[in-house]
Structures are given as C-alpha cells and as structure tokens.
C-alpha cells in the first residue's frame with residue numbers, strides 16, 4: 001500500500017487507499033454489484049484527473065488500465081442481458097422474410113432525342129451504365145440470418161416518347177432492356193438472430209466520462225468491441241503496473257471480445273430485364289400509369305463450411321484433398337518447422353520428414369506452444385501501444401519466414417505445424433494413453449492459435465486455420481410483374497399509390513434437399529409514397545432571386561442541369577409460396593405443387609437521387625447519384641396445411657438451439673390451427689403430406705437394422721395414434737405435435753447425411769499480401 005500512496009499527492013492519497021481496499025476485498029470474495037462498480041469507475045476517473053502530470057504518472061497509468069477493465073466488464077454485463085435489450089429485434093430477425101438494405105448508386109447516361117411531329121413532342125433514346133453497392137441483412141426461409149455486400153453493374157438501353165394529346169393531357173410511352181452482373185460476398189450467422197444481434201450490440205457506441213454539454217457533443221465514443229480489445233490488450237501492462245502500485249500480485253481476467261461464428265458465402269449472378277410502360281399526365285396535378293416487366297436472374301452460390309485443421313484431422317474425417325492441401329502448405333512453411341525443431345534441445349538437427357516418435361512430437365508441440373505464447377504476449381503489448389514490441393513481432397515472423405498478413409500469416413503457420421504433427425500421431429485404433437495425452441496438449445495449443453489473446457478479426461483468421469468444404473447452389477428465376485400506379489400533386493410535392501402483382505417461377509438446385517425444387521411465388525404489393533421533386537431547382541431559383549441574378553439566364557445555365565428527388569414509401573406485401581420439392585416428387589413429369597407458406601410483410605423505404613446533366617443539340621448526357629434504405633418486417637407467417645416441408649425448414653433452424661425455443665413456441669402458437677389441419681391431412685390417403693409421410697418412414701425403415709425394425713414399427717404406430725387422437729380431440733395437440741417432431745428428426749438424419757455427402761473439399765485460404773508497404777529511406781538499400 002505504501003508504494004501506491006507515494007505515487008499520488010494530497011487528497012487523492014486517501015481516496016486511492018480506500019479504492020484499493022474495496023478492490024482487494026473484492027478479490028477475497030466480496031462481490032461488487034453493478035451500481036458499486038459504476039461508483040468505483042466514477043471515483044477512479046475523478047481521482048485520475050486530480051493527479052498532477054497524469055499522462056506520465058505511473059499511478060495514473062495504472063488507474064487508467066483498471067478503468068478500462070472495469071468498464072469493459074460493465075459493458076459485458078449489458079451484453080449478457082442482450083436478449084432483453086434486443087428481445088423485439090431478435091424476434092423480428094427470427095422470422096423468415098425479414099430484410100433491411102442500404103444502397104448507394106452511380107450512373108452515367110447518354111441520350112439522343114428530338115421532336116418529330118406536332119403531337120409527338122419528344123422522342124428519346126438513351127443508354128446508361130450504372131453501378132450499385134448494396135448491403136443487405138436478411139433472414140432466409142429456414143431462419144438463417146445473413147449479411148451480404150453486393151456490387152451490381154448494369155447496362156440499360158431505353159426508348160421514350162411523349163405524345164401531347166391536348167393542352168392538358170399528355171401520354172408518355174417507354175420501354176427498356178437491361179443486362180446486369182452481380183458479384184456478392186457475405187456471411188451466414190451460425191447462431192442465427194441471437195449471434196447477429198449480439199454482434200450488433202458489440203458495435204454500439206459507449207462513453208462513461210462525466211461531461212458537460214459541449215464535451216458530450218465532441219466526446220469520442222467507442223464500441224463495446226473496442227473497449228474489450230483495449231482491456232484485453234492491456235492485461236499484461238495492467239498486471240505489472242497495478243501490482244507495483246498495490247504491492248501484490250494481480251491477475252487480470254478481461255472478458256474476451258465476442259465475435260460471431262459465421263459461414264462465408266460468395267454469389268455470382270447474371271440477369272436481364274425488359275419492360276414497357278405507359279403513363280398519362282392530366283395537367284400538372286394528376287397522373288396514372290401501368291408497367292409490365294420481365295426479369296431473369298441466374299445465381300451461382302458457393303458456401304464454405306469451415307473445419308478447423310487440427311480438430312478435423314484428429315476426428316479422422318479428413319479427405320485426401322485436405323491432406324494434400326496441408327502438405328502443400330507445409331512445404332511453404334519449411335523454415336518455420338526448422339525454427340520450431342531447433343528451439344528444442346531434443347530435436348536439433350531433425351526434420352519434419354524424419355520418423356518422429358511420440359516423445360519427439362511432444363517436444364515439438366512444447367516448442368510450438370512456447371513460441372506462440374511469446375508471440376501472443378508480444379503482439380498484445382504492441383496492440384496496447386508499446387511500439388518497441390513491433391520489432392520483436394517482426395523478428396518472430398521473419399524467423400518463421402512469414403511474409404504475408406503479419407499476425408494472420410503467423411497463426412496460419414502455427415496451425416499448419418500443429419496439424420502436420422497431428423498427422424504423425426498413431427491413428428485412433430492403435431492410440432494409447434501417451435498419444436491421448438499429446439492430443440490433449442495439442443488441443444490446448446490449438447485453442448491459443450484459434451483464439452489468440454490479442455486483437456484479431458475472426459472472419460479473417462478462421463478461413464486461414466480451416467479446411468474448406470464447399471457447397472455449390474444454383475438457382476434461376478423468371479419474374480413477371482404488372483404495376484398500376486396513380487399520383488396527385490404539383491411538380492414539387494406529389495403523393496401516390498401503387499398496386500403490384502408479381503408471379504415468380506424459380507428453380508433451385510441445392511444439396512439441402514428440402515430447399516431443392518420448383519417454386520411458384522405470388523406477390524401482391526400495396527404501396528403509398530410521397531415524392532419531393534426538383535429540390536435543387538427550387539433552391540437555386542430562391543438563391544438567385546435574393547442575389548439579383550436573372551432567372552432566365554440562371555435557368556438555362558444551371559437550374560436545368562440539376563434535379564433531385566426524395567421518395568419515402570410505406571406499404572404491405574402479401575407473399576404466397578407454392579413449392580414442389582424434388583425429394584418428394586421423384587421423377588414424376590408432372591410437378592405437384594402445394595401451398596408452403598404465406599407471409600404478410602410491411603415495407604418501408606426512403607431514397608434520394610441527384611442528377612447532373614447537360615445537352616448539346618439533340619444529344620445529352622449526365623451523371624446520377626443515389627442512395628436509399630429499406631426495411632421489410634414480417635407481420636405474420638402462416639404455414640401450409642398439406643406439406644411437411646415448411647415445418648421441416650423451421651424445425652431444422654430451432655433444433656439444438658435452446659435460445660431459440662421461445663421463437664419456436666411462438667411459431668407453434670401462431671400456426672396452431674394450421675398444424676391441426678396438417679395432422680388431419682398427413683393421415684389422409686392421397687394427400688401430399690401423406691405421401692411425404694410414407695417416404696420418410698420408408699427411408700427410416702431401409703436404414704434401420706433388421707433387429708430394430710420391430711421397435712421402429714411400434715414407434716411408427718404410436719406416432720400415427722398420437723396424431724389420430726389429435727384429429728378427434730384438440731386437447732391432445734401436444735401429443736400430436738410430438739409425433740410430428742419425431743418425423744422431423746427422422747427427416748433430419750437423412751437430409752443431413754445427404755448434405756454432408758455433397759460437401760466438396762476446397763482449398764485452404766491464403767493470407768493476403770500487405771497492401772500498405774513501409775516507405776523505405778532513399779538512403780537505404
């Protein structure tokens with residue numbers, strides 16, 4: 001305590017002593033609750049501000065590190081209660097069909113037009129090259145939350161004509177054809193809505209300092225992820241400085257930053273569309289129109305299911321391609337193998353190509369463990385701001401021959417060494433206790449590599465430490481859309497509405513069989529919108545009037561070149577989906593479509609566009625910029641009553657996820673009457689659900705050993721009995737539902753096995769080269 005009090009002065013001495021006593025008492029088992037922790041945090045902050053020369057004072061530095069640790073713990077407590085904080089949002093994103101989009105766009109256009117008759121006032125041909133960047137978060141039909149960044153490149157050719165019927169009525173006719181290319185990269189959250197919302201919470205902004213209004217406005221705020229990383233990276237420095245301050249050994253256990261487990265995906269899509277439209281303008285106040293459009297989209301999707309190298313090898317499920325990829329990487333990191341072997345007295349002079357005993361492997365793993373531990377501490381201090389550790393970090397990487405991506409390349413190298421050593425251990429059939437002990441040691445090292453104690457991005461690191469198993473999904477769709485719209489208002493403010501009917505024919509090839517087949521979607525959309533047009537034009541005229549500039553000159557020089565529109569809309573969409581799954585239709589030429597689900601969705605969107613254009617004779621051109629946001633929420637979902645397929649999709653999402661059980665219960669409650677109808681249909685000969693039941697039982701029967709088939713028949717009869725009892729008395733609903741759940745479990749066994757067999761071994765990800773290179777001195781070599 002004396003060493004602590006000598007570092008501060010005056011009244012701060014007593015307060016620091018009191019705080020240390022409270023913290024020491026907490027170490028002995030006295031729990032400090034949330035409010036007390038907040039008070040300690042506030043006291044520490046106020047105390048630090050009273051210390052002269054606070055930025056250099058050792059006590060102030062130690063207090064600052066403790067502040068970061070306590071604040072990180074406080075925010076983590078908030079994170080533990082995220083299900084309450086985001087309960088509504090979690091429920092929303094657990095519903096298939098939920099989506100939110102943010103987009104920006106830019107385009108270049110050239111047009112050519114003229115008047116060709118008295119009543120045809122203008123005819124124009126145009127061509128446009130456009131680019132759109134869209135970020136989408138959505139929930140698919142199974143309930144998986146995904147995030148995607150899409151780059152779309154589009155070429156459009158159009159012809160427009162305006163016919164003046166009378167002085168008050170004009171008709172615009174137009175048609176367009178376009179071709180587009182979309183390239184998307186994204187992720188699927190393996191934890192679903194809970195993992196997505198938890199990560200979203202981690203990126204919220206926080207501050208804890210007591211501030212006045214001015215300071216609050218300009219204060220720097222950080223995310224929870226930032227605070228946790230700061231506390232984690234400062235652990236070693238905190239232990240050293242706080243130990244010196246208090247005169248006792250201190251161990252810091254900072255919460256690890258949360259990073260969701262995700263599945264990478266890539267989408268390449270091509271498409272084209274064509275439309276014709278007609279619009280009638282009545283004076284300047286009212287308009288009405290119609291549009292007919294056809295769209296074709298073809299998607300090629302690749303999804304990477306990552307398996308940690310060491311874990312996958314020790315599970316004895318490794319493909320030959322995986323071993324070949326590992327051997328290729330091992331050759332690249334030959335320098336690292338030599339360094340690991342030479343760091344052990346028992347292994348000097350040996351090579352990975354030599355025959356290695358269990359003792360040799362143990363010594364190699366211990367050497368690897370020591371190097372990884374030292375490297376992690378070095379990087380942790382470097383991330384905490386100790387720049388001198390940067391040279392040590394580079395020395396570690398140079399010794400192993402790592403040239404790419406710094407810490408990520410080093411960790412991949414360590415994982416390759418560990419996985420290669422694991423392949424040299426005896427297989428599971430001949431493994432003894434000594435081998436099991438070495439595997440346990442390896443597992444501990446693998447955890448240090450996969451979850452390092454310094455700042456890292458899990459999405460960058462995980463692919464480098466994993467074997468990729470790629471699933472390829474192809475789909476294409478044809479969409480025909482008919483719109484009717486009407487609007488009322490002047491040239492600046494206009495309100496309107498639109499009724500849209502779309503029919504979508506979609507074919508999906510997917511190894512996950514309950515998604516593969518033919519879709520028929522019917523979408524009915526009712527939308528109302530308010531448009532604010534020519535805002536820049538109006539503002540320009542207003543400024544010109546105040547400045548005394550002639551409007552006629554300005555109008556021709558500037559105002560006509562600018563135009564802008566802000567559009568806000570809200571609407572309702574009804575989506576009715578019919579589905580003909582491949583697994584239950586077999587080779588039948590005539591597809592059997594059944595109602596799978598109906599969604600009621602609310603739509604909200606806001607868009608802003610700005611155009612800069614110019615003309616020269618009959619030729620014109622310009623550029624356009626735009627941006628927008630939209631959100632789709634599911635108000636209700638009603639499953640079909642004559643197919644088990646949709647129930648399978650929902651069950652597979654909820655199965656094995658305790659945190660999702662409230663959502664499952666809500667789904668069952670909302671679809672109780674539909675489930676009762678399904679229970680009646682599933683036992684009725686000739687129905688689609690009855691045919692699916694027969695297929696499920698046949699699959700289960702064929703896979704069941706002869707000695708167990710009698711019990712299977714008994715279980716099947718009980719399932720039918722439970723469902724049958726529900727048909728006659730709704731009080732037995734839970735028993736009937738349990739019977740359906742058993743069928744879902746049978747289906748999941750077969751479906752998961754088929755899906756696993758469709759996985760194709762992919763290549764191991766390579767670290768990317770450092771884009772930013774150090775600037776060399778002109779006098780250096």
As a footprinting exposure proxy, order 197, 378, 413, 655 by other Cβ within 10 Å, with the fewest listed first. 655, 378, 197, 413
Arrange 178, 367 by Cβ neighbour counts within 10 Å, fewest through most, would you? 178, 367
In a solvent-free Debye calculation with one equal scatterer on each Cα, what is log10 I(q)/I(0) for segment 596-683 at q = 0.23, 0.24, 0.25 Å⁻¹, listed in the order of the q values? -1.14, -1.18, -1.23
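Find how much the distance from residue 56 to residue 590 grows on full extension, using 0.36 nm per residue of separation minus their present alpha carbon separation; answer in nm with one decimal. Mind showing how you got there, number by number?
Numbers: separation 534, 0.36 × 534 = 192.24 nm, distance 8.06 nm.
184.2 nm is the gain from fully extending residue 56 to residue 590.
Please arrange 713, 664, 583 by how many other C-beta atoms lie within 10 Å of their C-beta, fewest to most. The partial results should precede the final answer.
Numbers: 713 13, 664 17, 583 20.
Neighbour counts put them in this order, fewest first: 713, 664, 583.
Each value in this text was obtained by applying a stated rule to the coordinates, not by laboratory testing. These numbers were taken from a predicted model, which means no experiment stands behind them. Backbone-built Cβ (ideal geometry, glycine too); neighbour counts: all protein chains shown.
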